[in-house]
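Undergrad: Have a look at the structure that comes next, please.
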Amino acid sequence: ERTVKQNNYKSVQNKRMEFIGTAAAEARGRGLEMLAVEYEEMGELYNRKLWHELTMKAVSFVGSDLGHAENCLPFLDNFVSKFEARMNQLRYAELLCAIVVNAARANFLKIEDAIVILDLVLENKKSRLGTEASIVVDMEAVLLRLLIPEISSTKKKLEETKIAIDSLTGTTDTTVFESYYRASAAYYKIAGPPEAFYRTALALLSYSVGHLRTQEETETLAVDVALAALTGDGVYNFGEVIATPILKNLDSSANFSWLAQLLRIFHQSDVSAFVSFCETHQEQFASQPALVARLDFLKEKIALLALMNLLFQTPSHARTLPFQLIAIRLQLPLDAVEWLAMRAMALGLVRGKIDQVNATIHFDWVQPRVLDHSQINHLILQLDAVSDKSKSAFSLLADHTVDLI
């Protein structure tokens, strides 16, 4: 019996190396010397049982220009499948997903067939994969389903996965969180609402910054995040998106640099700049249906942001503001000031009391925001002013207080 097992093992091992030898010979016959060398190096690592090095080499191969879908599907079936149990299972999940998705994108696999492959892996190998690797495979299947699209089933799957994500510890590989938020962002991009996509996309950026899959994906995500921030209900903190490195992709984009400019206008709460922008960028504005459909909302949002910025710039002891001042600073009709203040209070952006008799509003709180350098400098000046007043008060008390014996 032992001899039979040994013979079976040798037979399987020979088949593995037969694939590597055949693939290398075919590549060399087509003039692809680098591809042939890659196969031979992986075969050598396999023979030496250097599983970690072989895993890294396989991942690098699939992510390189040599790892075309037509090369990778046979590579997965005839070589990777023979040592996958010895791999780090999270790396195996990444490798599997990369190969299957690339094959689907290159039309070597139908999307439905790609989903079936991933589902079968989860069904037959979930106990070996473990929680983290299973989430990665599951979320890649969700992304593929959204291409069909299957909305209801993916929503349920995301809700189930969120429970698993929340139970993971701080030592979990960021790839797991990235895969979840990538799938969630893709879902909310289709199903909405914009503010849900915005929050999820920011979470995705926190886990994937610097290593998004392609330049095209990076620019698309940057545009989507910008539009969601502008049109999303409840998004009044533009410092978050301004602080993300992804905004640089909009700045350098030939087609969307104007969108980065519009984001900064909202972050600066500049009503005059917004009015001017709408006049000078009518064509670009009209190219985005989401902006056109919510133009009235954008006008309201910039006014609310301007009110928040006005309060931020006003010292706390001087926040009883007349209607007239607010109307001038926000470029509003005088009779619209009270409505805007009530709207801001209802949204939880500010707190205060309206005095209709004296036509003033006393504000005692404004929602905190992420600040940029110029806003932080303004805050420093305010703190310096408070410090100077405190020193003056101390000196005054010291000069007029009788020394105690």
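The values are calculated or read from the model by the stated rules, or taken from the named source; none is laboratory data. The shown structure was predicted, so the numbers you read here are calculated from the model rather than taken from an experiment. No Cβ is skipped: glycine too gets one built from the backbone with ideal geometry, and neighbour counts run over all protein chains shown. All accessible areas refer to the heavy atoms of the entire protein, side chains included, with ligands and DNA or RNA removed. Shrake-Rupley method; radii C 1.70, N 1.55, O 1.52, S 1.80 Å.
Undergrad: Ala27 fails exactly one of the following numbered conditions: (1) crowded, with 19+ Cβ neighbours inside 10 Å; (2) closer than 18 Å to Ser81 by Cα. What is the number of that condition?
TA: Going through (1) crowded, with 19+ Cβ neighbours inside 10 Å; (2) closer than 18 Å to Ser81 by Cα one by one, Ala27 breaks only (2).
Undergrad: Next up: Just checking, which of Leu305, Leu291, Leu298, Leu311 is among the aliphatic types (A, V, I, L, M) and farther than 30 Å from Thr360 by Cβ?
TA: Leu291
Undergrad: With respect to Ser127, determine if the residue is modelled with pLDDT under 95, within 30 Å of Ser81 (Cα to Cα) and in a helix (DSSP H, G or I).
TA: Criteria met by Ser127.
Residues checked against (1) among the β-branched types (Val, Ile, Thr); (2) open to solvent by 40 Å² or more (accessible area, probe 1.4 Å); (3) in contact with a His (Cβ under 8 Å, 6 or more places away or on another chain); (4) in a helix (DSSP H, G or I):
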residue	(1), (2), (3), (4)
Tyr207	no, yes, no, yes
Leu221	no, no, no, yes
Asp224	no, no, no, yes
Ser253	no, no, no, no
Trp258	no, no, yes, yes
Ile265	yes, no, no, yes
Phe274	no, no, no, yes
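Undergrad: Could you tell me which of the residues Arg86, Arg128 is in contact (Cβ under 8 Å) with a residue 40 or more places away in the chain, out of contact with any His (no Cβ under 7 Å at 6 or more places or on another chain) and open to solvent by 70 Å² or more (accessible area, probe 1.4 Å)?
TA: Arg128
Undergrad: Only one of Leu122, Leu73 is open to solvent by less than 60 Å² (accessible area, probe 1.4 Å) and either among the polar types (S, T, N, Q) or closer than 30 Å to Ile163 by Cα (or both). Can you tell me which?
TA: Checking each option against the conditions leaves just Leu122.
Undergrad: If you don't mind, there's one more thing I want to ask. Of everything in segment 99-115, what is surrounded by fewer than 20 Cβ atoms within 10 Å (Cβ to Cβ), aliphatic (A, V, I, L, M) and over 14 Å from Val142 (Cβ atoms)? Give them in sequence order.
TA: Listed by number, the list holds a single entry, Ala106.
Undergrad: For Asn237, work out the one condition from (1) within 20 Å of Thr174 (Cα to Cα); (2) over 9 Å from the mean Cα position of the chain (by Cα) it doesn't fulfil.
TA: For Asn237, the failing item is (1).
Undergrad: Something else about it: Can you spot a residue in segment 302-320 that is at pLDDT below 95, surrounded by fewer than 15 Cβ atoms within 10 Å (Cβ to Cβ) and among the aliphatic types (A, V, I, L, M)?
TA: yes
Undergrad: Residue pairs, Cβ under 9 Å, 6 or more apart or interchain, first in segment 227-244 and touching a residue at least 60 places away in the same chain (Cβ under 8 Å), second assigned to a loop (DSSP other than H, G, I, E, B) and aromatic (Phe, Trp, Tyr). List them.
TA: Leu230/Phe238
Undergrad: Can you list residue pairs whose Cβ atoms sit under 7 Å apart, with the first residue in segment 250-270 being touching a residue at least 60 places away in the same chain (Cβ under 8 Å) and the second being assigned to a loop (DSSP other than H, G, I, E, B) and open to solvent by less than 10 Å² (accessible area, probe 1.4 Å)? Count only pairs 6 or more apart in sequence or on different chains.
TA: His267/Phe238
Undergrad: When the residues of segment 144-164 are filtered to those that are surrounded by 19 or more Cβ atoms within 10 Å (Cβ to Cβ) and out of contact with any Ser or Thr (no Cβ under 7 Å at 6 or more places or on another chain), which remaining residue is nearest to Cys97 (Cα to Cα)?
TA: Leu144
Undergrad: Tell me, yes or no, whether segment 166-173 has at least one residue that is in contact (Cβ under 8 Å) with a residue 40 or more places away in the chain and not hydrophobic (A, V, I, L, M, F, W, C).
TA: Within segment 166-173, one or more residues are in contact (Cβ under 8 Å) with a residue 40 or more places away in the chain and not hydrophobic (A, V, I, L, M, F, W, C).
Undergrad: Identify all residues within segment 267-299 that are under 17 Å from Asn255 (Cβ atoms) and among the acidic types (Asp, Glu); write none if there are none.
TA: If the condition is that a residue be under 17 Å from Asn255 (Cβ atoms) and among the acidic types (Asp, Glu), then Glu283 is the only one that fits.
Undergrad: Out of Leu35, Leu50, Leu45, I need the residue that is farther than 22 Å from Ile117 by Cβ, modelled with pLDDT of 90 or more and touching a Leu at 6+ places or on another chain (Cβ under 6 Å). Which one?
TA: Leu45
Undergrad: So, one more: Sort out which residues of segment 176-229 are within 29 Å of Gln89 (Cα to Cα), modelled with pLDDT under 90 and of a type in the set (S, T, N, Q), and write them in order of number.
TA: Result: Ser206, Ser208, Thr214, Gln215, Thr218.
Undergrad: Condition first: among the charged types (D, E, K, R) and under 19 Å from Ala273 (Cα atoms). Now tell me which residues in segment 302-350 satisfy that.
TA: Correct list: Arg329 only.
Undergrad: Residues being touching a Gly at 6+ places or on another chain (Cβ under 9 Å) and either without any contact (Cβ under 8 Å) to a residue 24 or more places away in the chain or loosely packed, with under 13 Cβ neighbours inside 10 Å (or both): count how many of those fall in segment 334-347.
TA: 1
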